[in-house]
Amino acid sequence: MAGAGGFLADMNDGWFKPRLLRAVVSERLPKAGSTVPPAELFSILEAVRTHGLLTESHLDALDHKLAEAWRAAVDSWVDRVVELMASDSPYSCWLGTCFLGVTFQECSNMRFLQSYSDWFEKILRNLQEQSSLELVTAVSCTSMSDLFVRLANFLNLKKEASSFAGRVVELLLLLLNENGPVVDEAVDLLTTVIKLYPSSVNRHYNRVESAIAAKIMSTEVNVKSSKKFARALALLPSVRVSEGTWSLMIQKILIVVNNLLNDAFLGLEEETKGREIMMLLVPPGNDPPPVFGDGTRSGGNLHVTKKFRVYTVPTISALVHCCCVMLTSYYPVQKVNVPIRALVALLRRVLLVDGSLHKKLFPSTTSLQQELICFELPSLHSSFLDLLTATIKATRSQLLPHAANIVRLVMDYFKIAKLPTMRTKVYRIVQLLLTSMGVGMSLHLLDVMVSNAVGDLDDSCVNDMTLFSTNPSKVTNESASKSYSKKRKQESQIQNSHASGLEKAAISPKKRKNSSMPNTLKGMMTLETASNVRMLTPLSVKIAALEALEILLNVGGSLRTDRWRAKVDLLLINIARSACDVGVGYGQRTSTVQDKNISDFRLVSLKALLASFLSSPHARPPYLAQGIELFRKGKLEIGTGLAEFCSRALLALDVLAHPRALSLERAGPVLDCRAPENAVFGAGACKVLPSRGQCQVMEDEDDWLVSTKDVEPTAVRMFHNEKQSTLVKEDPQIDSFGEAVQDVPAYNKSDASMVDLATEETYKLNKVDNPSILHDVSTPIYSKLPETRKPGVAPVSEENRTHQVDHLQNRSFTVTEPSGKLGSSGGAPSGQGVASSIHKAPESSPSCFTQPSKPILPDAESEDSMPDIVDTDPDSD
Amino acid sequence: MAPPSQQLVFAASSTDAGVAAWDLRTGAEAIRHRPCASRPRALVAVADRFLAAAQAPAGNSAPIYYYHWDKPQVAVKSFPTEPIRALIADPEGSYLIGGGVSGDIFFWEVATGELLVRWHAHYRDVRCLALYDLLLVSGSEDGSIKVWDLITMLDELARSEAKTPYLYSFNQHALPVTDIACFHGAIAVSSSEDRTCKIWNLSEGRMIRSISFPAIIDSIELDPRSHIFYAGGRDGKIYVTAMGVDVTSQGSGDSSILGALDDHSKGVTSLASSTDGLLLVSGSEDGSVRVWDTRTQQVTRKFKHSQGPVTNVLIVTPKRVNLPPLQPLRKVCAANGEVEPQAVILPDPENDVHIAEYRSSNLLERCLDSLQQHGNSSLFDSGASTLNGMPNQLGTEWRSKYLELQDLFVHQVLGQTPSSMDT
């Protein structure tokens, strides 16, 4: 051992710490009255915390010499700190108090027990001296809070600590009247005291409540502080252990909020709404609770316009925040009664106000007032969306009786929510609802969720992000919010122009944004604007939408699949692909409202994709191969969350790729799902379409994707065939039967939904080529996303081109499967004419299966060459 | 006091022999709650917090009894308007759902005892109920199975808007439905006196399979680990049945019965599986309860309940929490607005608000940061308004909100609506 002097054994030598501490105190810690640069103080703090200089814990308990030395060193530290505190210089006093707080955190139990009451008095003196600098008072609050936190570890000192706390509370009540940083720290200290020593506050309950209430309703507190006050207020009911306290508090708060809303929403809603909610809060016959706070209303002397902004809305926000904390926190009582009906009614009241005037116009309502309200509505909505979230979290299954009401609210609110922050929050709420209420909830939210998510996400499903992100000059200049709203405008413009042309858009004042609008509309036809439009839904909204879709798929992925799955699956694979193709440059685009970047987006899109695979009603998800490819690529991004997720995703998909599970269903009668001859030609003819040079990208993309749906099942069939080539003939059909059955509705659906989007050309083509239903089924796929039909969008990646062959082969399948099903509904495979005979060939000669794919795709083979040639056209354009 | 992880087997009989509880590990009888005489599917552990049992009608009353875990006597008695044949609770223990002899379904809130809704579901007795998330599956004496969406059923407006009150109605069973169990993936399995079990897909609303058995199946229990379910037959056998079809086999339909556990002398009326799937408990009309090891398929324990038939068995890990006083279930629905419905939150200590600990060093760091930026003098002379580093960030947040707004509303409202400009 080195002892007090000489060399240390190593960095863990016990003597090192006392020596270092002594050095710190004597050489680096400033004396009273003097100052040192902040960097120096940082390093002292670092040294004390890293090396545990004040802990006085040494391994060698018997080394009294060492213990003595260390104690002496800590003594000198404490002496110096106390000396600093006692100094007249505010700087020294502040520094001393800070370091004392650090000492509470670091010092040994023994030392703390010896000196805590002494230290308490010292800090208390700091607090009492009204003359002292604000900063010193503030830091004293913090140190005091640390003292209580440490003190709470000693259960035997509870009584004494409570009496300390009681003394502090009285002081705090005075401090709460101040402003600035002091109040911030004082309310933190108050929170600590309420939490740790509730009994000490009991005596002052009403005074504390009114002090906080006054602060929340005052106009001088900034948003962050008023949130702190709200938290403190929310904790207050835990002081009195009874169910009534909590209910009374929330009742009082909701009444205040309701009354404030009465003023705010005058003229924007039915007059009776406020009274109805009041009836729910205070049922007739019951006495109304005492008024929240002292009943003092600040903001009375403000001008009405200013009052709304600086008083009404911030107060409501803070009080609502308080309700949120109350709903989601733990109180040491058996149960608390939530006035759920009033809460839901209040939520409805606020969230459905969209700023439009109520039919019955009040004389007092001016356009100025409407403006003001519209100005503040987003923050009001935001608060109440948080309240809705808290309500869902708190009441869990007990929300069930009100679930339908909330579903309606969410559905209505989706129509109102246009701002990115709002939309993000609604999506989060949808996620919550879906997770908590499961499949029943997804039944109700399915339609609204899918249509909104598709609306928000659809603009990015084209592979042109890479293309345009290199030339983002236009986009970056605009704030995302602006572009977002513009995008919405343009969307509606597109629809309008499709429907009845420019005029309609022009005369509708709602659709018109400003005078530049017609120009923008013309600009739509040019490339840049198109790209603009596409990139404008902020990432945060897209991420929220994707997350919500993911949960929807997890929870209700197999519900009513014919109506939405095909569309959503396609969308998700497209988004995942484009997200993964986008270079990093895109992610560097920053904006005020989005704190998410492209890598988050990528991760979320892959998560949603995985959910789409895992919840697929098909034996094989349609785009599995592409997805696996994406996951494989993602796995290579070592060190990111993406790689981690991708490896998990691949594991999860393992079961899908190599089926081990037993099917729940036994195969039905054998169906022939191969193509009749004419369908082949039909499919080929459709391929002529791209040569018009219109929708190459989208179409290539689409076809390719759709086609894979059938690559997979083929593989399955092969698998079975090879395995059981000696078995009965029907066998290979098991999978395809299921496929066919499920595919039919999917295609019909796409058919129906696409027809309106289809352009005339497509339509004509259909008519000319072949009037059969099959073409209607197949062609509309091209016509998706009309805005992508620009020659300039043409650059098709090599990848896509190479996949052309595949997709053509399989196109025939996609198209003809339904017909096969229709044709063979009799069940017997024998009488099916040409197609079935082709189809049956491989089965009757099992030996064929040694050559895998060829016998499986007889039709595809035959048609392969023709469409292939045709298809090279678009690229040469 | 028993250790918290104690697993108990509860069994009730249709004769008044009480609810007996045995410790699954030691085999000792822990407690016997009296009185209780329940028909099948009428005993339920409400979120493992307490026990509820609908009584078989005796005389003209058929009450529902609540029992606390540690007290043998009835804690709360409720008297519904008609005998309840099937009783279940939701996983959180917020609601009790009962199926009556008239074919009505009753939906009570446990915390308040309110009857939230009651509706006519079947022509004859409701024999069994099961929950899949918020979908309620009910099976009836008349052979029909109906699937209800509770969100719709609990909301008047939604009910009136729905085309049919139920989500699906299945009529493939020819005779009374005896039991229903739900499995994740929206799968439900039903058994019936027509000697079949049928597997249903709840998300598509169709039957997936029908499996024939040599005897009437009175009860079903799913193995939590795999695609296997146990079917208790009236011939005393418990059939181990595969839910899925092996696509490679070409045998006939009975191939999915993998084997049978055969020890009961009379019909098996009820089954319960432990959460890990290793143990299966069966109750039989012979008055005994047997515990099976599902791996070896051997009986590991036998409990003698009474002379009368055992109708219900449960495996429960009782949660001995401090419960708010239980309320009896109401007979009728409260008129709208008469009672203020209040959700009751049972506090969860995990939601405790955490206070920031030891903030001194953080505060010091923050101060030092601003000191470095602004110099000593500014901090100590001007009252340190820069201390709160956060307002900046908040400011930008607000600013962005206003920007959004300005864009969306102000231009629109001010610039484009001439009417408001004229005023």
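The values are calculated or read from the model by the stated rules, or taken from the named source; none is laboratory data. Keep in mind that what you see is a predicted model, and the values were worked out from it rather than measured. No Cβ is skipped: glycine too gets one built from the backbone with ideal geometry, and neighbour counts run over all protein chains shown. Surface accessibility is based on the protein's heavy atoms, side chains included, excluding ligands, DNA and RNA. Shrake-Rupley method; radii C 1.70, N 1.55, O 1.52, S 1.80 Å.
Structure notes:
- Which numbered condition residue A:225 fails, given (1) open to solvent by less than 40 Å² (accessible area, probe 1.4 Å); (2) modelled with pLDDT of 90 or more: (2)
- Of the residues making up the stretch A:100-121, those that are in a helix (DSSP H, G or I) and within 14 Å of chain B (Cβ to nearest Cβ) are A:100, A:101, A:102, A:103, A:104, A:105, A:106, A:112, A:119.
- Residues (away from every other protein chain (no Cβ under 14 Å), modelled with pLDDT under 90 and surrounded by 15 or more Cβ atoms within 10 Å (Cβ to Cβ)) located in the stretch A:21-50: A:32
- Candidate set: the stretch B:182-216, residues that are away from every other protein chain (no Cβ under 14 Å) and over 23 Å from the mean Cα position of the chain (by Cα); chosen: the one surrounded by the fewest Cβ atoms within 10 Å (Cβ to Cβ): B:214
- Condition met for residue A:398 (within 12 Å of another protein chain (Cβ to nearest Cβ), part of a helix (DSSP H, G or I), open to solvent by 10 Å² or more (accessible area, probe 1.4 Å) and within 30 Å of residue B:137 (Cβ to Cβ)): yes
- Taking the criterion of being assigned to a helix (DSSP H, G or I) and either touching a Phe, Trp or Tyr at 6+ places or on another chain (Cβ under 8 Å) or within 12 Å of chain B (Cβ to nearest Cβ) (or both), the residues of the stretch A:412-423 that qualify are A:416, A:420, A:421, A:422, A:423.
- From the options B:52, B:12, B:58, B:20, residue that is of a type in the set (Gly, Ala, Ser), within 24 Å of residue B:287 (Cβ to Cβ) and open to solvent by 30 Å² or more (accessible area, probe 1.4 Å): B:58
- Test: residue in the stretch A:51-68 that is within 14 Å of another protein chain (Cβ to nearest Cβ), open to solvent by 20 Å² or more (accessible area, probe 1.4 Å) and of a type in the set (Lys, Arg): no
- Any hit, the stretch A:356-371, residues being open to solvent by less than 20 Å² (accessible area, probe 1.4 Å) and modelled with pLDDT under 90: no
- Top-ranked residue in the stretch A:135-185 [being aromatic (Phe, Trp, Tyr) and buried (at least 16 other Cβ atoms within 10 Å of the Cβ); ranked as farthest from the chain's Cα centre (by Cα)]: A:164
- The residues listed here are A:335, A:425, A:393; of these, the one that is closer than 30 Å to residue B:93 by Cβ, among the basic types (Lys, Arg) and crowded, with 18+ Cβ neighbours inside 10 Å is A:335.
- Test result for residue B:143, farther than 23 Å from residue B:95 by Cβ and surrounded by fewer than 17 Cβ atoms within 10 Å (Cβ to Cβ): no
- Taking residues in the stretch A:244-270 that are open to solvent by less than 10 Å² (accessible area, probe 1.4 Å), and partners anywhere that are of a type in the set (S, T, N, Q) and not in a helix (DSSP H, G or I), the pairs with Cβ atoms closer than 6 Å and at least 6 places apart or on different chains are A:267/A:365.
- Hey, residue A:267 at positive phi and more than 13 Å from every other protein chain (Cβ to nearest Cβ) or not: no
- Residue check, residue B:221 assigned to a loop (DSSP other than H, G, I, E, B) and not polar (S, T, N, Q): no
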